[in-house]
Each structure stands twice: as C-alpha cells, then as structure tokens.
Amino acid sequence: MDWALMIPVVAISVGPIAWVANNWIRAKHGFEPETRARSRRRNGGLDDDRKVALLTNENEKLTGQVSRLEERIAVLERIATDPAERTARAIEALRDT
C-alpha cells in the first residue's frame, strides 16, 4: 500500500475515532454522550439563557429560605440566652391573651 495515500486517510479518521472513544468513556462513567446539536447549542447561547433564568429563580428561593432560617436562629438564640424566668413570664403573657 502507498504511504502517501495513508496520511489523508488517517488524518480524516482520527476525529471520528476520537469522538467515538470520548462518547464511550462518557457513557461508561454515566455522563450524557456529546452530540453535534448539543455542541452547537452550547456555543449558540440559547441553552445558557435558560440556565441563567433557572439559576436566578433558584437563587431567589434559596435567599428567602436563608433569611427565614436566620430569623428562626435569632429566636432560638434569644430563647437560649434569656433567663428562664423571663421566658416563663413571656409564655404566661401569651397564654393570658
């Protein structure tokens, strides 16, 4: 066989072989295989806008949860550091109302 003919054949087949090997390794380790459409979408930015919107919504939700938890921790700290008699008086005052 002529070696001059082998060079372009090898050069053309390296890319697809590498793509198959990459997808095989990704599938073996539980990741989604790469496709051409997915690669184009990632570069186009259409998928990125949706991710930003979802992350913004999740961030707002988590910020609200953190603020509520901070309020609850402040109440627990106040209960833990207040003298027992003051806490008992406050509970009795709530029962009287």
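FYI, it's all coordinate maths here, none of it is from the lab. Computed from a prediction, not measured in an experiment: that's the story for all the values here. Don't worry about glycine lacking a Cβ; one is built from the backbone with ideal geometry, like all the others, and counts go over all protein chains shown.
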Cα lying deepest toward the dipole's positive end in the chain, options ILE12, PRO83, ALA27, charges on Cβ
ILE12
Calculated from backbone phi, Karplus (6.51, -1.76, 1.60) coupling profile of the stretch 67-82 in Hz, x at Gly/Pro:
5, 5, 5, 4, 5, 5, 5, 4, 5, 5, 5, 5, 5, 5, 9, 6
Hey, what angle do you get for helix 84-96 against the long axis of the chain, alpha-carbon based, 0 to 90 degrees rounded to 10?
80 degrees
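What Kirkwood radius, in Å to one decimal, follows from the Cα pairs of the chain? Don't jump to the answer; show the numbers that get you there.
Numbers: mean 1/r = 0.0491 Å⁻¹.
It works out to 20.4 Å.
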